[in-house]
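**Q** Here you go, one structure.
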Amino acid sequence: MSEVKISAEPRTEFGKGGARRTRRAGKVPAVLYGHGEKPKHIALPAREFAAAIRKGGANQLFAIEVSDGTQVLALPKAIQRDPIRDTFEHVDLLLVRRGEKVTVEVPVQLTGEAAKDTLIVHDHDTLSVTADATKVPDHLEASIEGLEAGNQVTAADVELPAGVELAADPETQVAAVTAAPTAEQLEATLPEIETADEEVEEGVGEETAESSEGAEVGEPAAAGGEETAEAKTEA
């Protein structure tokens, strides 16, 4: 994965208020840490950072140039997003060096097609691997081509690029192949749905009957009103 150059500014305001002001200015609050150095608070340009993550993924390597003259390489360690606005709230960046080995979580993509009439259950969509900080893959691939129901794909079956080592348990189940339900099995569930619908209809019928009874109870009051009218006429 190629590195992305990005500029940054030192951040002097902290806390929720400071973070909000940083985001309103079109920047992402971030912190640089690692190698035993004191954490450095910075602000990254939101658009450039978002574009880099969309293209390179969560393990995108950044060459950061801070306006105070600091130049470092860093990998995102933790990214906080706003689930509604889909914006970046805060980023933790881990300092790395060229040639240094790092352990990261990398997405796993399933390739190929399993046998006919099967379903795929993707149990783990990421795996922990160890790689050169400047050569972290953006994804890994695992083939399910032709697999029959009852088969599974483990971490040991995942293809690893040169120089990348598996850090996760080799027995970790990445995906499982199961038999797809037959038409008969799907139809077997329909009576339960119909029964539930009938119960709802019966409940509505009972409520309607109760409402009708209530209307009958109110009839004497109307009759009383007629008697009152007659009394006034006689008077």
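The values are calculated or read from the model by the stated rules, or taken from the named source; none is laboratory data. Because the structure is a prediction, the values reported are computed rather than measured. A quick note on method: Cβ atoms are made from the backbone with ideal geometry, for glycine too, and the neighbour counts reach across all protein chains shown. Accessible surface areas use protein heavy atoms only, side chains included; no ligands, DNA or RNA. Shrake-Rupley method; radii C 1.70, N 1.55, O 1.52, S 1.80 Å.
**Q** Can you name the number of the only condition in (1) out of contact with any helix residue (DSSP H, G or I) (no Cβ under 6 Å at 6 or more places or on another chain); (2) not in a strand (DSSP E or B) that Tyr33 fails?
**A** (2)
**Q** On to the next question. When the residues of segment 1-30 are narrowed to those that are outside any strand (DSSP E or B) and among the polar types (S, T, N, Q), which ends up modelled with the highest pLDDT?
**A** Within segment 1-30, the match that is modelled with the highest pLDDT is Thr22.
**Q** I'd like to know if segment 125-135 contains one or more residues that are at positive phi and small (Gly, Ala, Ser).
**A** no
**Q** Among the residues of segment 163-172, how many are surrounded by 14 or more Cβ atoms within 10 Å (Cβ to Cβ) and either without any contact (Cβ under 8 Å) to a residue 60 or more places away in the chain or in contact with a Pro (Cβ under 8 Å, 6 or more places away or on another chain) (or both)?
**A** The qualifying residues number 4.
**Q** Going through segment 12-21 one residue at a time, which ones are open to solvent by less than 60 Å² (accessible area, probe 1.4 Å) and more than 13 Å from Val91 (Cα to Cα)?
**A** Gly15, Gly17, Gly18
**Q** I need the full set of residues from segment 10-30 which are within 25 Å of Gly56 (Cα to Cα), touching a helix residue (DSSP H, G or I) at 6+ places or on another chain (Cβ under 9 Å) and not aliphatic (A, V, I, L, M), in order please.
**A** Listed by number, the residues that qualify are Arg23, Gly26, Lys27, Pro29.
**Q** To continue, here is another question. Applying the selection to segment 36-77, what residues are in a strand (DSSP E or B) and open to solvent by 40 Å² or more (accessible area, probe 1.4 Å)?
**A** Glu37, Lys38, Pro39, Lys40, His41, Glu65, Gln71, Lys77
**Q** Right, here's the next one. How many residues does segment 122-136 contain that are closer than 23 Å to Ala149 by Cα and among the hydroxyl-bearing types (Ser, Thr, Tyr)? Walk me through how you get there before you give the answer.
**A** Just the residues of segment 122-136 that are closer than 23 Å to Ala149 by Cα, to begin with: 122-126.
Adding the requirement that they be among the hydroxyl-bearing types (Ser, Thr, Tyr) leaves 126.
So the answer is 1.
**Q** So Arg54 clears everything in (1) charged (D, E, K, R); (2) farther than 26 Å from Val158 by Cα; (3) under 24 Å from the mean Cα position of the chain (by Cα) except one condition, right? Which one?
**A** The failed condition is (2).
Conditions (1) open to solvent by 90 Å² or more (accessible area, probe 1.4 Å); (2) assigned to a strand (DSSP E or B); (3) aromatic (Phe, Trp, Tyr); (4) free of Cβ contacts under 8 Å to residues at least 40 places away in the same chain, marked per residue:
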| site | (1), (2), (3), (4) |
| --- | --- |
| Leu94 | no, yes, no, no |
| Arg98 | yes, no, no, yes |
| Leu119 | no, yes, no, no |
| Thr130 | no, yes, no, yes |
| Leu147 | no, no, no, yes |
| Val174 | no, yes, no, no |
| Val177 | no, yes, no, no |
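**Q** What tally of residues in segment 22-35 results from selecting those that are hydroxyl-bearing (Ser, Thr, Tyr) and either open to solvent by 70 Å² or more (accessible area, probe 1.4 Å) or under 20 Å from Val104 (Cβ atoms) (or both)?
**A** Narrowing segment 22-35 to residues hydroxyl-bearing (Ser, Thr, Tyr): 22, 33.
When the remaining residues are screened for being either open to solvent by 70 Å² or more (accessible area, probe 1.4 Å) or under 20 Å from Val104 (Cβ atoms) (or both), the result is 33.
The qualifying residues number 1.
**Q** With the requirement that a residue be surrounded by 15 or more Cβ atoms within 10 Å (Cβ to Cβ) and in a strand (DSSP E or B), what does segment 108-117 give you?
**A** Scanning segment 108-117 gives Val108, Leu110.
**Q** Taking the conditions exactly as written (at pLDDT 95 or above, out of contact with any His (no Cβ under 8 Å at 6 or more places or on another chain) and surrounded by 10 or more Cβ atoms within 10 Å (Cβ to Cβ)), does Leu160 satisfy them or not?
**A** It is true that Leu160 is at pLDDT 95 or above, out of contact with any His (no Cβ under 8 Å at 6 or more places or on another chain) and surrounded by 10 or more Cβ atoms within 10 Å (Cβ to Cβ).
**Q** If we scan segment 78-97, do we find a residue that is of a type in the set (Phe, Trp, Tyr) and either in contact with a Ser or Thr (Cβ under 7 Å, 6 or more places away or on another chain) or under 25 Å from Glu165 (Cα atoms) (or both)?
**A** no
**Q** Given the residues Pro29, Pro39, Pro45, Pro10, which is the only one that is more than 26 Å from the chain's Cα centre (by Cα) and farther than 22 Å from Ala133 by Cβ?
**A** Result of the check over Pro29, Pro39, Pro45, Pro10: Pro10.
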